Structures are given as C-alpha cells and as structure tokens.
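The values are calculated or read from the model by the stated rules, or taken from the named source; none is laboratory data. Note that the structure is a prediction, hence the values are computed from the model and not measured. All Cβ positions, even for glycine, are placed from backbone atoms using ideal geometry, and neighbour counts span all protein chains on display.
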C-alpha cells in the first residue's frame, strides 16, 4: 500500500510539473509572437496624436479657436498641417511645443490633421484646405491682419518661425536679445532645498 501511494504521488507530481512546463512554454511563445506596441518616433506607424505622444502637448489636440475665427482676431495665427503616422510630423511635434511654450498667449496655434480635410473643388480662404500644399509637416503663419507671412513645408527650424514672430511683435532680433531659457522644476526645487 505504501508503495502504491508513493507511486501515485510521484505520478501526480510529475504530471503537475509537466502541465506547468507546458503552460510556461506557451506563455513564452505567446510573448515572443505578439508584435511590440512601443511607439517609434522614426517610423511611419500610427500610435496616436503626435502632439500628445511626441510633443508632450495635449493642448493642441482640440483647439478652442477655429481658423475662420482666428483670422478675424487681432492676433497672429500658426496653422500646422500634420498627419499622425508621419515620422517627420512626429519629430517636428517638439518644435511646435517649444514655439507654443513661448507664444501661447500671443498666437493662436491651430493644428490641422490632413486626413480630416475633405477634398473639394475649391476652398474658402477661411478653410485650412485652401493653404495646404500637399506636404507634411507644413506651417502657415498669418499676421494680425490675417495675411500669410510664412508658408513652408518640411521641418522648418524653430529659429526661422521665431524670427517671423519677433518681427510680427516688434521684438528685438535674436542676435540682439537675451536667449530665453525655461526654468526647470528641478532647478526650482534645488533652490528650495538650500
């Protein structure tokens, strides 16, 4: 009887170990077979809104002011054409966020997802499709009167757009002004600790 119990215990134990090993093997196979879900700034895959994921700027997802209303205001406007699955737009999102950090109160930032522009024979000058040239990213800067002062496709350097805004606001050129730097929270925290 003792021998029979020992045999049954060994059989059950080896059976459990076999099942556990099979399940572990299947889990490993499943994890290796599933494609990764990591967002990549250098690929043309859709992961979500470029401004949220790569610019850290959710305020550009839904704008309060539309282009038509913005052009009637006495305020410059920056119209940004983009698509969420473009590596160029993903990389350029940080430049837009940087521009917004300096000019958020003085300029209307209006992102226009190209995928949402409906094709028509012609567009009114108050519609984003009127200014779209077929490339992304594309920036269009309007002055306070609603006239286009910059319309360029590609990754327009921060400095070029900043120079246009400096001219619109009658600010000193970059060569004659103090370089603007944002204070990080860590610097502020370290001052409190001292």
If we keep just the residues of segment 147-190 that are touching a helix residue (DSSP H, G or I) at 6+ places or on another chain (Cβ under 9 Å) and surrounded by fewer than 12 Cβ atoms within 10 Å (Cβ to Cβ), which is modelled with the lowest pLDDT? 182
Collect the residues in segment 48-67 that are assigned to a helix (DSSP H, G or I), under 26 Å from residue 174 (Cβ atoms) and within 8 Å of the chain's Cα centre (by Cα), keeping them in residue-number order. 51
With the checklist (1) modelled with pLDDT of 95 or more; (2) more than 20 Å from residue 164 (Cα to Cα) in hand, flag the one item residue 115 doesn't pass. (1)
Can you tell me which residues in segment 46-67 are modelled with pLDDT of 90 or more and in contact with a strand residue (DSSP E or B) (Cβ under 6 Å, 6 or more places away or on another chain)? 67
Residue pairs, Cβ under 6 Å, 6 or more apart or interchain, first in segment 165-177 and on the phi < 0 side of the Ramachandran plot, second outside any helix (DSSP H, G or I). List them. 168/76; 168/143
Go through the residues of segment 117-135 one by one and say whether even a single one is out of contact with any strand residue (DSSP E or B) (no Cβ under 9 Å at 6 or more places or on another chain), over 14 Å from residue 168 (Cβ atoms) and surrounded by 16 or more Cβ atoms within 10 Å (Cβ to Cβ). yes
Looking at 123, 132, can you tell me which residue is part of a loop (DSSP other than H, G, I, E, B), at negative phi and touching a helix residue (DSSP H, G or I) at 6+ places or on another chain (Cβ under 6 Å)? 123
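Results for (1) touching a helix residue (DSSP H, G or I) at 6+ places or on another chain (Cβ under 6 Å); (2) assigned to a strand (DSSP E or B); (3) modelled with pLDDT under 70, shown as yes or no for each residue.
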{"residue": "25", "(1), (2), (3)": "no, no, yes"}
{"residue": "69", "(1), (2), (3)": "no, no, no"}
{"residue": "92", "(1), (2), (3)": "no, no, no"}
{"residue": "101", "(1), (2), (3)": "no, no, no"}
{"residue": "105", "(1), (2), (3)": "no, no, no"}
{"residue": "111", "(1), (2), (3)": "yes, yes, no"}
The residue that is nearest to residue 133 (Cα to Cα), considering only those in segment 71-90 that are assigned to a loop (DSSP other than H, G, I, E, B) and under 13 Å from the mean Cα position of the chain (by Cα), is 83
